[in-house]
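Worksheet: the structure to be examined is printed underneath.
The values are calculated or read from the model by the stated rules, or taken from the named source; none is laboratory data. Model, not experiment: these values are computed from the prediction. Methodologically, a virtual Cβ is constructed for each residue, glycine included, from the backbone with ideal geometry; neighbour enumeration extends over all protein chains shown. The accessibility values were calculated without ligands, DNA or RNA, using every heavy atom of the protein model including side chains. Shrake-Rupley method; radii C 1.70, N 1.55, O 1.52, S 1.80 Å.
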Amino acid sequence: QVQLVESGGGLVQPGGSLRLSCAASGSIFSIYAMSWHRQAPGKQRELVARISSGGSTNYVNSVKGRFTISRDNAKMTVYLQMNSLKPEDTAVYYCRYSGSSGDYWGQGTQVTVSS
């Protein structure tokens with residue numbers, strides 16, 4: 001089992017920044033990928049950013065140049081730095097762990113971008 005605890009969501013004005021964190025614990029092996037997903041009301045959950053065990057990253061087009069995913073393996077934590085936030089970034093953001101022990105999801109953290 002793997003447990004994921006997200007933090008860092010909140011209300012921010014357009015153009016502002018937030019940093020989400022996701023701390024993992026449990027049966028974690030050395031090779032695993034972490035990713036952030038989001039789900040807006042009435043929409044399907046979508047992949048926002050992913051980082052491999054080797055540090056390779058990829059992003060959905062709508063956040064390229066604004067969001068940065070990173071990981072601290074010693075702390076078993078993944079981060080999502082979100083800059084230049086837009087109202088359309090409003091969603092519940094979920095952290096996901098993908099490894100040999102399976103796929104696990106966090107509980108989600110709300111991000112609201114509004115003036």
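Out of all the residues in segment 87-102, is one or more modelled with pLDDT of 90 or more, open to solvent by 20 Å² or more (accessible area, probe 1.4 Å) and in a loop (DSSP other than H, G, I, E, B)?
yes
From the set of residues in segment 60-86 that are small (Gly, Ala, Ser) and outside any loop (DSSP other than H, G, I, E, B), which is nearest to Glu6 (Cα to Cα)?
Here the answer is Ser70.
What are the residues in segment 57-104 that are in contact with a Lys or Arg (Cβ under 8 Å, 6 or more places away or on another chain), in contact (Cβ under 8 Å) with a residue 60 or more places away in the chain and over 28 Å from Pro14 (Cβ atoms), if any?
Tyr104, the sole residue that qualifies.
I need the full set of residues from segment 37-63 which are among the charged types (D, E, K, R) and open to solvent by 70 Å² or more (accessible area, probe 1.4 Å), in order please.
Correct list: Lys43, Arg45, Arg50.
Of everything in segment 6-36, what is open to solvent by 70 Å² or more (accessible area, probe 1.4 Å) and under 11 Å from the mean Cα position of the chain (by Cα)? Give them in sequence order.
Arg19
Quick check on my filter: what residues within segment 64-77 are on the phi > 0 side of the Ramachandran plot and surrounded by 12 or more Cβ atoms within 10 Å (Cβ to Cβ)?
Met76
Output the residues belonging to segment 59-79 that are under 20 Å from Tyr32 (Cα atoms) and in contact with a Ser or Thr (Cβ under 9 Å, 6 or more places away or on another chain).
Tyr59, Thr68, Ile69, Ser70, Arg71, Asn73, Met76, Thr77, Val78, Tyr79
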